[in-house]
Amino acid sequence: MNESLKDEIKKKQGADGFIKVTDNPVSSLTSEQKAILNRKGNELFNKGRIEEARRIFITTGYSDGLTRVGDIYKKKNETLKALKLYVLAHNKTKVEPIYEKMAGIISILLQE
């Protein structure tokens, strides 16, 4: 992506781009509580109860769980939902290709 365009987007939208990221892990949870919740989230995920698992993973900030739920959204072509979870998971490997695709779309629109 053009570096100046990337810098302009960051200035206008903040470091998180177009995704409003307000969901932060609950800081008052102990490590033990997080582990229990993450196990429950993994159990729900494995049973296909993705939305319930997503809520738990957001609460605990469990990056692997957030990424796996994001992958489910991406497979369903719900890219913006996936992007939000990847951002929350701090998964740059998954975020960058989506940002690149968005920048390409914006470039095409600006040329028209």
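The values are calculated or read from the model by the stated rules, or taken from the named source; none is laboratory data. These numbers were taken from a predicted model, which means no experiment stands behind them. In case anyone asks, the SASA skips ligands and DNA or RNA and just uses the protein heavy atoms, side chains included. Shrake-Rupley method; radii C 1.70, N 1.55, O 1.52, S 1.80 Å.
Would you list Phe57, Phe45 from the most to the least accessible area, probe 1.4 Å? Intermediate results must be reported in sequence, preceding the final value.
Numbers: Phe57 0, Phe45 35 Å².
Greatest to least solvent exposure: Phe45, Phe57.
Output the pairs from Lys47/Lys92; Lys75/Lys101; Lys81/Lys101; Lys74/Lys94; Lys34/Lys94 with a Cα-Cα distance over 20 Å in this structure; if there are none, say none. Please list the in-between numbers first.
On the way: Lys47/Lys92 28 Å; Lys75/Lys101 16 Å; Lys81/Lys101 15 Å; Lys74/Lys94 10 Å; Lys34/Lys94 24 Å.
As for pairs spanning more than 20 Å Cα to Cα, those are Lys47/Lys92; Lys34/Lys94.
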